[in-house]
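The values are calculated or read from the model by the stated rules, or taken from the named source; none is laboratory data. Quick caveat: nothing in here was measured; it's all calculated off a predicted structure. Cβ placement follows ideal geometry from the backbone for every residue including glycine, while neighbour counts extend to all protein chains displayed.
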């Protein structure tokens, strides 16, 4: 479907402008349209309570729906990068308070 490809391109471009190194894949295994983002820094993309990911998902949907009014809602999911081979890095409480790694 054309809207899926546009949504993928919009998200990939948006993440590039935001400075994220990520792989963006369409997930067609479910009934709903979903885009899977694989990155080595999922916690930065998701945000502390998921707000950042919600905002990105909202923007992707708005951009796609301005071009295609009847476009289905796109869901954006984030996973750790397959190539990292390790569990996602989690900062300590002290470093989160001081904003230093």
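Note on the range 4-23: among residues that are under 10 Å from residue 63 (Cβ atoms) and touching a strand residue (DSSP E or B) at 6+ places or on another chain (Cβ under 6 Å), the one that is surrounded by the most Cβ atoms within 10 Å (Cβ to Cβ) is 7.
Determine if the range 51-72 includes at least one residue that is surrounded by 11 or more Cβ atoms within 10 Å (Cβ to Cβ), over 15 Å from residue 9 (Cα atoms) and modelled with pLDDT under 75. Taking every residue of the range 51-72 in turn, none turns out to be surrounded by 11 or more Cβ atoms within 10 Å (Cβ to Cβ), over 15 Å from residue 9 (Cα atoms) and modelled with pLDDT under 75. Report whether or not residue 43 is at pLDDT 90 or above and surrounded by fewer than 14 Cβ atoms within 10 Å (Cβ to Cβ). Answer is no for this residue. Among residues of the range 23-38 being touching a residue at least 40 places away in the same chain (Cβ under 8 Å) and under 17 Å from residue 52 (Cβ atoms), the one that is nearest to the chain's Cα centre (by Cα) is 37.
Among the residues of the range 32-50, those identified as closer than 13 Å to residue 78 by Cα and outside any loop (DSSP other than H, G, I, E, B) are 34, 35, 36, 37, 38, 39, 42, 43, 44, 45, 46.
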